[in-house]
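Reading through the structure tokens given below for one structure.
The values are calculated or read from the model by the stated rules, or taken from the named source; none is laboratory data. Not measured: the values here are computed from a predicted model. FYI the Cβ positions are ideal-geometry reconstructions off the backbone, even for glycines, and counts take in every protein chain you see. Surface areas here come from the heavy atoms of the whole protein model, side chains and all, with no ligands, DNA or RNA. Shrake-Rupley method; radii C 1.70, N 1.55, O 1.52, S 1.80 Å.
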Amino acid sequence: MATEADTVTDADAMRRAVVLAARGLGRTSPNPVVGCVVLDSAGRPAGEGYHRRAGGPHAEIHALRAAGERARGGTAYVTLEPCDHTGRTGPCSRALLDAGVARVVYAVADPDPRAGGGARTLRAAGVAVERGLLAEEAEAGNVAWLTSVRLRRPHVTWKYAATLDGRSAAADATSRWITSAESRADVHRLRAEADAVVVGAGTARADDPHLAVRGVPDAAQPLRVVVDTEGTAVRPGARILDGASATLVAVAEDADLRAAGHLPEVVRLPRAARGLDVPALLAVLDARGVRSVLLEGGPALAGSFVAAGAVDRVIGYLAPVLLGAGPAALADAGIATLADALRLRMTETVRIGTDVRITAVPEIAATRPATRESAVTASGATEPATRESAVTEPLVTEPAALPESAATESPVPGQAAEAAAVRVPADGPATKER
């Protein structure tokens, strides 16, 4: 007979599923990251799993295999609604039915019309289905894939490093290194979680960046993208051409590439007011299965994305350094007055080495791809896109409400640094976090 110490609450089981899902970050695209926990009929842990790679078994399959016969009459907790279609793998709704699971609790509904409907199939077969447990937490962990399905473009994180007075380089253009070694290592974790890393022509010329992941075991290398309107920034022998990962160079439709035979892959995009069209670039990446973009620079390119309403998250590494002159971290973003400023909500502040890493998201999120002409440019962007209120999915439980305690929130794993960090709270002293 199970004792109270043996059993697991709904909230704890789903929270464990969210933790498991985060293990797939950077490895499952174009699929979502998903975690699953199975409890037996007495509420004791029976099996768990997560989606490890595209084309491989889904999270539910790993968890059911681990649970075996103990899944019969039990409950499955899944961060995303079980799929109901046959692709490279079979429908998870059918696998749950075959295993004899009596109850399924999922956090977020699947917005993909090709795969959704698993909850309906399970309910029709007599399985108790409940939706919405820790939905905010699960959605945050799967934000890249959800953004790509809902907006039909990749989720974009703009990463920058700057001094306390907002400079990304000194007046003489030197920038190595503003931030600490610990911050630079953390950037490689961000790259490992992204499908593509994007820089502009100015960064390609000045820094000769490599853009591959280093120091993260078993990391999948992201696509390296250079936005180079005229096709002249990536020179023969550039580090980005070394074969460590695929490289794509975006140029204007009418760019003269007669001297660019060394470029491995080129995509031609329409020009905008200045530079290239942001939505067109994101559409090309989306068509390649890119679900998450890490925008690394420089200031002009970042301004172009902000002007296009195409920045979903900002991660800034601030170093205790003052320069007083030099380029700002963000160039022209088409914002002429304070009333039009892009307001952000800080979601995390962490001390890394000698620096502080701040993560923030727009207070008003995008609801669809930017459609107004926006420039991807090496020198700035001028035309802003309209930002509209986000449509958030209501939290629904079917057929009965979950316990109130199940709504407890906790930090989303996989978004903070791997190493021990010091969290800086809004009030009071910093506390050690491992």
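A few notes on this one:
- Test: Gly24 is on the phi > 0 side of the Ramachandran plot and either of a type in the set (S, T, N, Q) or assigned to a loop (DSSP other than H, G, I, E, B) (or both): no
- Filtered residues of the range 69-96 (kept if surrounded by fewer than 19 Cβ atoms within 10 Å (Cβ to Cβ) and out of contact with any Gly (no Cβ under 7 Å at 6 or more places or on another chain)): Glu69, His85, Thr86, Gly87, Thr89, Gly90, Arg94
- Complete set of residues in the range 307-322 that are open to solvent by 70 Å² or more (accessible area, probe 1.4 Å) and at pLDDT below 95: none
- Trp158 vs. criteria at pLDDT 95 or above and either assigned to a helix (DSSP H, G or I) or of a type in the set (Phe, Trp, Tyr) (or both): yes
- Within the range 111-130, the set of residues being open to solvent by less than 60 Å² (accessible area, probe 1.4 Å) and aliphatic (A, V, I, L, M) comprises Ala115, Ala119, Leu122, Val127, Ala128, Val129.
- Scanning the range 16-31 for residues that are modelled with pLDDT of 95 or more and either closer than 13 Å to His58 by Cβ or more than 19 Å from the chain's Cα centre (by Cα) (or both) turns up Arg16, Ala17, Leu20, Ala21.
- The strands (runs of 3 or more DSSP E) found wholly in the range 38-137 and carrying at least 2 residues that are at pLDDT 95 or above and of a type in the set (D, E, K, R) occupy 128-131.
- Residue check, Ala115 closer than 30 Å to Thr354 by Cβ and either out of contact with any Leu (no Cβ under 7 Å at 6 or more places or on another chain) or of a type in the set (Phe, Trp, Tyr) (or both): no
- Criterion applied to Ala59, Ala66 was being within 24 Å of Ala22 (Cα to Cα), hydrophobic (A, V, I, L, M, F, W, C) and open to solvent by 20 Å² or more (accessible area, probe 1.4 Å), and the one residue passing it is Ala66.
- Summed over the range 340-381, the residues that are modelled with pLDDT of 90 or more, out of contact with any Lys or Arg (no Cβ under 9 Å at 6 or more places or on another chain) and open to solvent by 90 Å² or more (accessible area, probe 1.4 Å) give a count of 4.
- Annotation: of all residues in the range 1-15 being at pLDDT 95 or above and open to solvent by 40 Å² or more (accessible area, probe 1.4 Å), the one that is nearest to Glu193 (Cα to Cα) is Arg15.
- A single member of Gly35, Gly26 is open to solvent by less than 40 Å² (accessible area, probe 1.4 Å), free of Cβ contacts under 8 Å to residues at least 60 places away in the same chain and within 28 Å of Arg191 (Cα to Cα), and it is Gly35.
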